[in-house]
Structure formats: structure tokens, C-alpha cells
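S.K.: I'd like to ask you about the structure that follows.
The values are calculated or read from the model by the stated rules, or taken from the named source; none is laboratory data. All values reported here derive from a predicted model rather than from experimental measurement. Every residue, glycine as well, gets a Cβ built from its backbone with ideal geometry; the counts of neighbours run over all protein chains shown. Note: accessible area is taken over every heavy atom of the protein model, side chains too, but ligands, DNA and RNA are not part of it. Shrake-Rupley method; radii C 1.70, N 1.55, O 1.52, S 1.80 Å.
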Amino acid sequence: MKQKVVLAFSGGLDTSFCVPYLMNEKGLEVHTVIVNTGGFSDEEAAKIEERALKLGATSHTCIDAVNDYYNNGIKYLIFGNVLKNNTYPLSVSSERFFQAMAILEHVRKTGADYVAHGSTGAGNDQVRFDLVFEVLAPEVKIIAPIRELSLSRQQEIDYLKEKGFDFSWEKSKYSINQGIWGTSVGGVETLKSSGVLPEEAYPSQVVNHGTERITIGFEKGEPVKLNGEKMDPVELIHKLHKTASQYGIGRDVHVGDTIIGTKGRVAFEAPAPLIIVKAHHLLEKHVLTKQQLYWKDQLSNWYGQLMHEAQYLEPVMRNIETFLNDTQKYVTGEVEVELRPYHFSVLGCSSEFDLMSSKFGEYGESNKSFTGQDVVGFTKVTANPLKIYYTIHDND
């Protein structure tokens, strides 16, 4: 009886090469699986399955992990207003753990002895994928044929032709990874520090040239209303993406340090994540205290960094999530946003928990809870430690 391998299969050249290679060179029974985290349609999933079976896979499975990804990942990225290097909403890096976990569950369900993927030895995803199995299923052996063989694209194509698979392998000029929390776009322009992607490189094109105002409603930190209509957060993200992407909103280029120690540069398109994060942050600035906002920034930055670097299983992540959940108790209200070509503006918000209360005064205009003389006394007390210091260190 043949041993089984579960292959993370995308339908592209690298994972297509893996199917006959694992069958013929390794003598394994191949079961392909793809995990949908909001990146492809039913039609695209059907085409991927068709290719897997033509290549000889014993079975193919499509796993829907969108809700798991939102509830255990995206939700906390919103709560934390996470933008890596103040730019990138972790569009791709945040979804890899949830894909790997879904594949691990499938490995156990099929009783496979091996798990395989098509990663090269040059990127972050190999670490994110391998680490899940290294920690949670060390008995399952990992095979990464492209990484192990260091094959060129042409060598992969030649091997497939030799095995009787003469698919069309025209390589797109741009590498696109799409999910519910945004799309990354890589091309020759992102391989250098000064390259600029052309308009046609982005998946969404600008078709709206005017302006449009929308409102996003939050309940305990989660986006649950769009223009007054109550909906599930996943549905809201999809609808907001559809609206905002028509303006070309959410495009940027992220430059950062990879897990393996090199600098990387990638373009992305993430209209819904950027709008939601900025709207949520504005609401928080109105309903949270100064110290809550400060410590949220510190812990949220760590949370995003650890998720980006494949450390989702680190127990401190659960500790930070507990903190983030607690901070969202009063993050409820509506935020108004204006959309226009290539830009958006967060205009203002309303909330029953707004701490910008006229009961205590209006900034720069009037005080209702203290007098001018109170401020004079406050300033004298605040200045005292510094007065002492500069009396002693008068040359500083």
C-alpha cells in the first residue's frame, strides 16, 4: 500500500510539477488540497481541481477557511490597527498560518505520512508553512520539491512535458496573491528600490472618478454595518472592497525585513483593510483613554510583527488577544469616510461613548471643570522637577 502525501496545490507551475514528481519519483499517493481565505471564486476553484485530477492526484479538496481567518486573525488586526511599518495590513502574511492549519487538519483526516508544498527556498511562506508542522505535527515529514531540487522554471516545464502534461505555462508579468484581507502584487519593478508599478499591474482598475461618502458601523471593535445596513464582517469586507477598489483606493508598496533576514519590497491593493483600520483607529481615539491608546500601540505592533514572522502559535499572542478584546468594550459607533480616485479621507465619527464631551469644555475655547488659576498651579507643580534639574545642571 502506497504512503500518502497531502500537497498544498494552487494550480500554478510549481505545485503542478509536484504532483507527478511526488507520484513518480517518490512513489507516493498524492492528495491535493487548496485553502480558500477569500482569494478565488467557485469557478477558479473548479479549474484548480480539474488540473489537479488531470495531473494524477487521487483526490482534491477545497477548504473554506474565510470565517476562521476572520475570527482568529483579521479581527485582531482590526482591533490592533495593525499596519506593518505603518503601511502594510499583512494582506498575505496573516493568512498563511490559517491555511497551514487547515492543511494540517486535512493531513490528519487522510492519514497522510507526508505533507508537501511548492515553495522555493527564497521567501517567507516556506517558514510559515513548515513551522506549523514542525511544532504541531513533527511526525509528518515535509517535502518541498522546488526548494530541494533548486529547479528552474524551464526544468519544471520540461519535466511535465516528459510526463505527458503539455499545459500552457505562460507566466504572467506580475505575481498576484489574493485574499479577503488584500492582494499582493510582485513584478520586476518591485525587485529594485525605485521601481514603480504601472496602472495595469493592479487587479482593480479605476472606473469611478467622482466622490462618494460611506459610513462604517462598529460594534465592540468589529465592522458590522455599511451605510446603515447590518451585515456579517466578512460580507462587509467584500462589499467595501468592491466599492472602494473602483476608485483605485488602497494601493501602496511595502518595504520590510523578511523572516530569513533580507529586505523585501512588494506592492499591494487593500482598499477594505486600509479603510477599516483607519476608521476603527479614529473611533478608538474618541472612546479610549490616552493610556489605553498608548499601550495598544505597543502591543499591537508586536502582535503584527509576530504574526508576520510565523509566530502565531507563540502563547503571548493569546495574551495580547485577551488585552485587545478587553479594549474593544466601548469601541462602538459610526465613522464617515469619503472615497475619491486613489484616496480616501476619514471625516468624523459618532458614538455614545465619545470622550470628547462638551460637558467638560471645548478645546481651545472654554473650560467647565477647572479655572485658569487651576492651570497656573498645575503648571507650577509640573515644572518643579525640571526647575530642580536645571538649577543643578545649569550648563545642559
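S.K.: At 1.4 Å probe size, with no ligands or nucleic acids counted, give the accessible surface of R108 in Å², nearest ten.
M.R.: Looks like 140 Å² after rounding.
S.K.: Sequence neighbours fewer than 8 away in the same chain don't count; with that in mind, list the aspartates and glutamates whose C-alpha is under 19 Å from K368.
M.R.: Counting by Cα, and skipping residues close in sequence, K368 has these aspartates and glutamates nearby: D354.
S.K.: In nm, give the distance between the simple-model label positions of F323 and D64, each being 7 Å from the Cα along the Cα-to-Cβ direction.
M.R.: 3.6 nm
S.K.: Here's another thing I want to ask about it. How large a share of the accessible area of segment 206-250, in percent, is made up of carbon and sulfur atoms when the probe is 1.4 Å and the other protein chains stay in place? Provide the component values of the computation, followed by the final result.
M.R.: Values: 960 of 2120 Å².
Here carbon and sulfur together make up 45 percent of the probe-accessible area.
S.K.: What are the ³J(HN,Hα) couplings of segment 143-152, residue after residue, when phi is run through the Karplus curve with 6.51, -1.76, 1.60 and θ = phi - 60°? Round to Hz, x for glycine and proline.
M.R.: Ordered by residue, 3J(HN,Hα) equals 10, 10, x, 5, 5, 6, 8, 6, 7, 7 Hz.
S.K.: Taking amide H positions as placed in the peptide plane 1.01 Å from N, state which residues far from V82 in sequence (5 or more) or on other chains have amide H under 5 Å from it.
M.R.: Correct list: empty.
S.K.: Using a Debye calculation, one point per C-alpha and no hydration shell, please list log10 I(q)/I(0) for segment 1-64 at q = 0.17 Å⁻¹ in order.
M.R.: -0.51
S.K.: Using unit Cβ charges (K, R positive; D, E negative) and no other charged atoms, how large, in debye to the nearest 20, is the dipole of the chain about its Cα centre? Can you show the working numbers first?
M.R.: Numbers: 40 positive and 51 negative charges, 63 e Å.
Roughly 300 debye for the chain.
S.K.: Right, another one. Calculate, for segment 253-376, the solvent-accessible area per residue in square angstrom, rolling a 1.4 angstrom probe over the heavy atoms of the protein chains.
M.R.: Numbers: 6930 Å² over 124 residues.
In whole numbers, segment 253-376 has 56 Å² accessible per residue.
S.K.: Answer rounded, prolate or oblate for segment 266-308, using the Cα gyration tensor with square roots of eigenvalues a ≥ b ≥ c: rounded when a/c is under 1.5, else prolate when a/b is larger than b/c, else oblate.
M.R.: Oblate, since a/c reaches 1.5 and b/c is not below a/b.
S.K.: What is the extension gain from E170 to K239, computed as 0.36 nm multiplied by their sequence separation minus the C-alpha to C-alpha distance, in nm to one decimal? It would help to have the intermediate numbers written out before the result.
M.R.: Working: separation 69, 0.36 × 69 = 24.84 nm, distance 3.20 nm.
Full extension from E170 to K239 adds 21.6 nm.
S.K.: Here's something else I'd like to know. Classify segment 203-310 from the C-alpha gyration tensor, please: rounded if a/c falls under 1.5, else prolate or oblate depending on whether a/b exceeds b/c.
M.R.: Numbers: a/c = 2.15, a/b = 1.13, b/c = 1.89.
Oblate.
S.K.: Based on the Kirkwood radius over alpha-carbon pairs, what is the Stokes-Einstein translational diffusion coefficient of the chain at 4 °C with 1.567 mPa s viscosity, in µm²/s?
M.R.: 55 µm²/s
S.K.: Under 37 °C and 0.692 mPa s, how fast does segment 14-131 diffuse according to Stokes-Einstein, given a Kirkwood radius computed over C-alpha pairs? Answer in µm²/s, whole number.
M.R.: Estimated via Stokes-Einstein, D reaches 210 µm²/s.
S.K.: Another question about this same structure. For R251, what residues show an amide H to amide H distance below 5 Å, using hydrogens built from the backbone and excluding near sequence neighbours?
M.R.: Close amide H contacts, sequence-distant or interchain: A270.
S.K.: What ranking of S10, S194 comes out by heavy-atom accessible area, probe 1.4 Å, highest first?
M.R.: Heavy-atom accessible area, descending, gives S194, S10.
S.K.: Near A65, within a Cβ-to-Cβ distance under 10 Å, what is the net charge of the other residues, with Lys and Arg +1 and Asp and Glu -1?
M.R.: Counting the neighbours of A65, the net charge comes to -4.
S.K.: Oh, and also: Sorted by accessible area with a 1.4 angstrom probe, largest first, how do D64, D354, D42, D257 fall?
M.R.: Sorted descending by solvent-accessible area, the residues read D42, D64, D257, D354.
S.K.: For segment 91-206, rounded, prolate or oblate, judged on the Cα gyration tensor with a ≥ b ≥ c (square roots of eigenvalues), a/c < 1.5 rounded, else prolate if a/b > b/c?
M.R.: oblate
S.K.: Among H281, G256, P233, flag the residue with its Cα farthest along the positive direction of the charge dipole of the chain, charges on Cβ as +1 for Lys/Arg and -1 for Asp/Glu.
M.R.: G256
S.K.: So, one more: Taking 0.36 nm per intervening residue step and subtracting the Cα-Cα distance, what contour gain separates L347 from T211 on full extension?
M.R.: Using 0.36 nm per residue and subtracting the Cα-Cα distance, I get 47.6 nm.
S.K.: While we're looking at this one, here's another question. In debye, nearest 20: dipole of segment 209-252 around its Cα centre with unit charges on the Cβ of K, R (+) and D, E (-)?
M.R.: 100 debye
S.K.: For the chain, give the share of DSSP beta bridges that are antiparallel, in percent and rounded to the nearest 5; count only bridges with both residues there.
M.R.: The antiparallel proportion sits near 70 percent.
S.K.: What are the aspartates and glutamates whose alpha-carbon lies under 20 Å from the alpha-carbon of K192, with same-chain residues fewer than 8 places away excluded?
M.R.: Excluding near neighbours in sequence, the set is E200, D252, D257, E269.
S.K.: So which aspartates and glutamates can K263 reach, going by Cα to Cα under 14 Å and dropping same-chain residues fewer than 8 places off?
M.R.: E309
S.K.: Mind jotting down a quarter of the surface of the convex hull over the alpha carbons of segment 272-347, in square nanometres, one decimal?
M.R.: For segment 272-347, the mean projected area of the Cα convex hull comes to 6.0 nm².
S.K.: Oh, and also: Exposed loop sites here are GluC sites (Glu not before Pro) in DSSP loop states with at most 13 other C-beta atoms within 10 Å. What is the longest stretch of the chain lacking them?
M.R.: 171-351
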